[in-house]
Amino acid sequence: MKQMKGLEGDTKSILKFEFNPKDGIDNPALSLAEDTDGKGLGEPRFYLLSKGSAETFGFCLHKELGCRGHVIRQVELGGLAQRRGLQDGDRLLQVNGHFVDHMEHCKVVEKIKASGNQVLLAVLDGGSYEAAKALGRDLSQMLPGDIRPRLCHVTRDKSGFGFSISGPEGAKGTFQLSVRRDGPAERAGLPSGSWLLELNGASVRSCSHTQLARKLKRSGSKMTLLVASSAAEEFYRLWGLRVTAALADASWLPFKVRKLHMVKEPEGYGFLLKEEKCSSGAIGQFLWEVDAGLPAERAGMKEGDRLLAVNGKSIEGLDHQQTVLRIRAHADQVTLLVIDPAGDEFYRSVGLGTQRGRDHGVLRRMGCQDGFLAPEPGHSEVSSSAGLVCRGAPAAVGLIPVCFCRSGCPRCSSLRTATLPRAPAPPPCPLPTALLDSVTLMWDQRDPAPGSQPPLPL
C-alpha cells in the first residue's frame, strides 16, 4: 500500500488523532490542529466599568467545581458588563492591574469591592483559558506589565520641586516630565519620562503650556500629580480607556491608613465612637476621647481618626448603630482600619474619596456579608450590655455616641439603654478606598458548598 509522504514511521503523529472516550470531545488538551505553541489562543480583553452609586456592574463572579479560575456568570441583559462586552464564561485575570488568577476567590471579590464605582478588568474567554492551562502557559505573561497610573505628592524644597515639563508647541494636554536626580520629585516617586494627566485632582487634558504653568505656580509648596508611563498611556489610548486617579498606584502618597488591633480588657477598649459630619458635609464615623493606658491608645488610636473598616470589612454605607454592632461582633477583640483627619482630607482633595463611593444598597448587592442584625425600621437601639454604655448627650436625633469602655464608667453612667427615632439618613462620607485595596480584607463566608463559593453579584 502506498504510504503518504511525510508520515512514514511517524506513529506518534498518527496517535494524536485517536479519540479517547475518557477524555471526551470537550477536553481542551485535545487539539486537532496540534496547537502546542499556543498561537491559536485568544487575547485578553480589557474593560473599564464605571457605574452610578445605585447601579451594579451587572455580573456575578463564580468559583465552580470542575472549572478553573474566577468565572464571569449571570451577565445581566442590557447591564453595564454586557454593554461593555463581558461574556458568560469569561475568566477574570486582572483587577485594576493586579493579577488575580492565583488568588483566593474571596480576596478577588474584595478587590472588586474596594474599587467602588469604577474597576478595570482583564478577562480571557473560557476556551482560551482552559487551553492555556492545559499547555502550562503562564497567564500573567499574556498581560502587559504594570499599567496603573501613579499618584505622587511632591513637596518643594529650596531648589524647587525637582522636575520640569515639556510638550509639543501649541498642543494641549500633552506634557512629559523630566525629573532631576535626588530631588523632591524623585523622592516622591515621580518617574522621569512619565506623562502628566492630573494636577491636584484636576485633569490637564485641555490645558495649554501657559495655563499649566499658571496652575503649577498656584499650587504653592505642595502638589499632587497623576502620571502614567509611556507604555501605560499607550495601553489606555489603544483600548479607549480613560485614566483616572481611582485606578492609580497610591503607595507613594504620604498618608497611610493604620490598622489597630485591640484585645479587650476589663476596663474595655477605651474610646468613644461618634457619628459626625465630614468636611464635605457627608456623614462619617469618628473616634474620640481615647483613654490613656487602655488598648485603644496602646494600639495607636488618635483623637479624630475616621473609621474605615472593622475586622477587615469596609463600613461604608453602614449607619452608626450598624457600625457599633459590627465592632461588638467579637466580644474580646477587634481590628479597626483608620485614617487621620489630614489624610482623610487629602484623599478627598485628589478625587479618591468621591470617585470610589458606594452606598449600603450597592454593598448588599455585591454580596457583602454584614454579620449583624439590623434594627427594626424607624428605630436605632443601643444596648448597655457587653461593656457598651452611652456617654454624653446625643449629637442629633438618632445619633448616639457610644463608649467602648468598662460598664459603669462614671463618665457615661447617666445614659443606659436608649431607643430613639431614626433621623433621615444623610449621605455617607465617601471612603478613600484606594487605601483599602492594599489591605487584606476578610470575607464572611456563609456555608458555601464544598469546593465552591456562592455566586457574588457585582
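Across the stretch 169-187, the number of residues qualifying as open to solvent by 60 Å² or more (accessible area, probe 1.4 Å) and either among the small types (Gly, Ala, Ser) or at pLDDT below 90 (or both) comes to 3. Among the residues examined, residue 246 qualifies as in contact with a Leu (Cβ under 7 Å, 6 or more places away or on another chain) and assigned to a helix (DSSP H, G or I).
Sort out which residues of the stretch 125-168 are without any contact (Cβ under 8 Å) to a residue 40 or more places away in the chain, part of a loop (DSSP other than H, G, I, E, B) and open to solvent by 30 Å² or more (accessible area, probe 1.4 Å), and write them in order of number. It would help to see each step written out before you state the result.
Kept after step one, since they are without any contact (Cβ under 8 Å) to a residue 40 or more places away in the chain, are these residues of the stretch 125-168: 136, 138, 141, 157-160, 162-164, 166, 168.
Still in the running and part of a loop (DSSP other than H, G, I, E, B): 136, 138, 158-159, 162, 168.
Result: 136, 138, 158, 159, 168.
Here's the yes/no breakdown for (1) farther than 23 Å from residue 312 by Cα; (2) open to solvent by 30 Å² or more (accessible area, probe 1.4 Å); (3) assigned to a loop (DSSP other than H, G, I, E, B):
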site: 42; (1), (2), (3): yes, no, yes
site: 56; (1), (2), (3): no, yes, yes
site: 70; (1), (2), (3): no, no, no
site: 75; (1), (2), (3): yes, yes, yes
site: 112; (1), (2), (3): no, no, no
site: 116; (1), (2), (3): no, no, yes
site: 119; (1), (2), (3): no, no, no
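I'd like the full set of residues that are open to solvent by less than 20 Å² (accessible area, probe 1.4 Å) and more than 19 Å from residue 335 (Cα to Cα), limited to the stretch 257-289. Result: 278, 282. I'd like the residue in the stretch 48-88 that is among the small types (Gly, Ala, Ser) and under 27 Å from residue 237 (Cα atoms) and, out of all such residues, is modelled with the lowest pLDDT. This residue is 53.
Can you go through 312, 317, 353 and tell me which one is at negative phi and either at pLDDT below 90 or under 16 Å from the mean Cα position of the chain (by Cα) (or both)?
353
Would it be correct to say that residue 97 is touching a Lys or Arg at 6+ places or on another chain (Cβ under 6 Å), open to solvent by 10 Å² or more (accessible area, probe 1.4 Å) and not basic (Lys, Arg)?
Working: touching a Lys or Arg at 6+ places or on another chain (Cβ under 6 Å): yes; open to solvent by 10 Å² or more (accessible area, probe 1.4 Å): yes; not basic (Lys, Arg): yes.
So residue 97 passes the test.
The values are calculated or read from the model by the stated rules, or taken from the named source; none is laboratory data. Computed from a predicted structure; not experimentally measured. Cβ: placed from backbone, ideal geometry, glycine included. Neighbour counts: every protein chain shown. Note: areas computed on protein heavy atoms with side chains; ligands, DNA, RNA excluded. Shrake-Rupley method; radii C 1.70, N 1.55, O 1.52, S 1.80 Å.
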